[in-house]
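Enquirer: Supplied in structure tokens, the structure appears directly below.
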Amino acid sequence: MHLSDHSLSQLDEAYVQSLDEGSLRGLLLRALEDLKEARERLGQNPTNSSRPPSSQAPWDRPSAGQDEPSDDDADEASPPDQDADQPDEANTPPEDASTRSEQTTKPEQPKRQPGKQPGAPGFGRTQVFAAHETLIHRPEMCAGCGKALPADAPSVAYAGFQAIDLVWGEADHPGLHLHITDHRLHDSLCACGHHTRARPGEGLVEDARLGSVVLSEWRLVGPGLATLIVALHRRFRMSHRRIRAFLHDWLGLSLSTGTIQGTLREAAAASAPLEAELIEAVVASDLLHADETSWPQGGELLWLWVFTSATVTLFAVAKRGREILDRILPGFTGWLMSDGWQAYRHLPHRLRCWAHLTRKAQGLIDSDDREAQAFGHQVQDTFDTLIGAIHAARDGPTRDLTTIHAALLAELRAACVRRLGHRHAKTKALAVELWNDWEAIFRVLENPQWPITNNDAERALRHWVIARRIMMGTRTEAGSRTFTLLASVIETCRQRGHVPWPYLASVIAERRAGRAAAPLPAPMPGL
Ligand SMILES: [Zn+2]
């Protein structure tokens, strides 16, 4: 959007008549682009226009008396140490800004919603800090005539906000400190008579599950501090309430749980476009481990899936069926290590986890049924012999273990066939499973360098399974999405030998500025 409401309110016939032809063409082109964009939005969502006036950002609000700055404006331009009494609009709390997107997508709202009302004071407003620096943002170009605005163009602050960020120390000066910045947004007057307002950067992420999320530089919580909140929540498994207490006790910050929640959601939205990159890396893997574990979401029992290879880990919460595999794995031609769940059965190039099978054999050995015990021992002994052969082959010259152990395999296969209709249910189940999935199970004998367990996937899930117990799963689809996106980015960075937090901070900063984020860091050499 080139022309803010503030700019539009100044455009009239007299102004247009005053412009030269070049400026007029520029203005027409900008107005045309805005018109097309507005039409498109109108088509997509006719409720856009029902945005309550209180949600309008200060840079959009037309102000009366353009030529004479109001008293408020005069205050804004005063030195930072006298700025404690900023007008309310100058320090709109971050909660307001982060809920703007929801207000634009919801249909007509009833008169009064429960909870905090739009424009009502939030926690962020109660604390005002002495700033380390003041940044003045002036518009670079006149929105009216399109000419560059000179640095000495008359300008006055029309709004401002404070941002708190966390700065990492250097290797020889380790530590963390908070950096407070007072941002001053200026309204500059062009020679043509048009007033243009500087606006903070803004980025929009449209995600099927998160909805439309507006990322903005107009936030109390800077990208580095946002990343600390993600780390406390995801890596150190702290609840919103505990994060609030931690920030209060250790950093002297009073953030509302709403701000913390909004920050997590914004961090996830900033990471959402990275999912395509993660899926691409998963699909390109030579050897992929997949696993799934139950995951409650609201009242529904879903599954937390993980796909992990040497240099990428992708999490997703979904139903326990083929849909998720059909969404992520098309184009995958590598080897897939998994358990025996039937959703995987249609995939070619499968490897099976032996740990699952030997656990089942052990179950038969521990049963009270003699025939079951005998079969359990036979399966267990066969696997023990083959595992020994695989370990020996990994260190020595390549040999075809299928041929060497052909007799042993034939005996086990015959034993399975004899038990396909066995009266003991678990004996029958293991015989059927081995017989059905024979090729995938014993394929590892062709290449002993392949893994024989799915430990990598189970390890990737472990941290988050503990988180599940603490968090009791997630409440909504958006919550699951926030969780899996951030977990995927964090795990992938760590696997590639990078500390995830500075990267995540850069992703948030870039998206808030409306720019594309840097790709995920490449694996460190030697990994
Ligand atoms: Zn101008």
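FYI, it's all coordinate maths here, none of it is from the lab. Only a predicted model underlies this, so the values are computations on that prediction, with no experimental measurement involved. Positions of Cβ are backbone-derived with ideal geometry, glycine not excepted, and every protein chain shown enters the neighbour counts.
Enquirer: As a footprinting exposure proxy, order PHE246, PHE332 by other Cβ within 10 Å, with the fewest listed first.
Expert: Placing the least packed residue first, the sequence is PHE246, PHE332.
Enquirer: Name the residue farthest towards the positive end of the dipole of region 312-416 from the options GLN362, ALA406, GLY331, assuming +1 on Cβ of Lys and Arg, -1 on Cβ of Asp and Glu, about the Cα centre.
Expert: GLY331
Enquirer: Something else: Search the structure for amide H atoms under 5 Å from the amide H of LEU288, placed 1.01 Å from N in the peptide plane, and list their residues when 5 or more places away or on another chain.
Expert: Hits under the 5 Å cutoff: TRP335, LEU336, MET337.
Enquirer: Right, next: Putting +1 on Lys and Arg Cβ atoms and -1 on Asp and Glu Cβ atoms, find which of PHE383, ALA431, PHE307 reaches farthest to the positive end of the dipole of region 287-455.
Expert: Of the candidates, ALA431 comes out farthest on the positive side.
Enquirer: I would also like to ask the following. By counting other Cβ atoms within 10 Å of each Cβ, how are VAL221, VAL444, VAL283, VAL167 ranked from fewest to most?
Expert: By the 10 Å Cβ count, ascending, the order reads VAL167, VAL283, VAL444, VAL221.
Enquirer: Let me ask you something else. Apply the Karplus curve 6.51 cos²θ - 1.76 cosθ + 1.60, θ = phi - 60°, to the phi angles in region 161-177 and return the couplings in whole Hz, x for Gly and Pro.
Expert: 8, 9, 10, 10, 10, 9, 10, 7, x, 8, 4, 8, 10, x, x, 9, 9
Enquirer: Let me ask you something else. Calculate, for ARG494 and HIS391, the FRET efficiency according to 1/(1 + (r/R0)^6) with r their C-beta to C-beta distance and R0 30 Å; round to the nearest 0.05. Numbers along the way, then the final one.
Expert: Details: r = 28 Å, r/R0 = 0.94.
Here the calculated transfer efficiency is 0.60.
Enquirer: Please arrange LYS360, LYS36 by how many other C-beta atoms lie within 10 Å of their C-beta, fewest to most.
Expert: Result, fewest neighbours first: LYS36, LYS360.
Enquirer: With the calculation restricted to Cα positions, what are the radius of gyration and Dmax of region 287-455 in angstrom?
Expert: Taking only Cα atoms of region 287-455, I get Rg and Dmax of 17.3, 54 Å.
Enquirer: Here is a follow-up. So who's got an amide H within less than 5 Å of the one on VAL221, skipping anything under 5 residues away but keeping other chains? H placed 1.01 Å off N, in plane.
Expert: Sorted by chain and number, the residues that satisfy this are ILE164.
Enquirer: Please list 3J(HN,Hα) in residue order for region 286-297, calculated via the Karplus relation 6.51 cos²θ - 1.76 cosθ + 1.60 where θ = phi - 60°; whole Hz, with x for glycine and proline.
Expert: 6, 9, 10, 9, 10, 7, 8, 9, 5, 8, x, 10
Enquirer: Hey, another quick one. Read phi for every residue in region 142-155 and hand back ³J(HN,Hα) as whole Hz from Karplus 6.51 cos²θ - 1.76 cosθ + 1.60, θ = phi - 60°, with x for Gly and Pro.
Expert: 6, 6, x, 8, x, 7, 5, 8, x, 4, 9, 4, x, 9
Enquirer: Net charge within 12 Å of ARG30 by Cβ-Cβ distance, Lys/Arg positive one each and Asp/Glu negative one each, not counting ARG30 itself?
Expert: Every neighbour counted, the sum reads -1.
Enquirer: Would you mind calculating the relative contact order of region 287-455 from Cα pairs under 8 angstrom and at least 6 residues apart, reporting the percent as a whole number?
Expert: Once divided by the residue count of region 287-455, the mean separation gives 20 percent.
Enquirer: Residues with beta-carbon under 9 Å from that of LEU302, excluding LEU302: net charge, scoring Lys, Arg +1 and Asp, Glu -1?
Expert: Spelling it out: positives minus negatives among the neighbours equals +1.
Enquirer: Please list the non-local residues whose amide H lies under 5 Å from the amide H of SER216, H modeled 1.01 Å from N, same-chain partners needing a gap of 5 or more.
Expert: Under 5 Å from the amide H of SER216 lie the amide H atoms of GLY203, each far enough along the sequence or on another chain.
Enquirer: Okay, next question. Over the C-alpha atoms of region 369-527, what are the Rg and the largest Cα-to-Cα span, Dmax, in Å?
Expert: Rg, Dmax (Cα atoms, Å): 23.2, 70.
Enquirer: Now for a different question. How charged is the neighbourhood of PRO330? Take every other residue with its Cβ under 13 Å from the Cβ of PRO330, and add Lys/Arg as +1 and Asp/Glu as -1. Display every interim value, and only then the final one.
Expert: Working: positive: ARG322, ARG327; negative: GLU280, GLU323, ASP326.
Neighbour charge sum, excluding PRO330 itself: -1.
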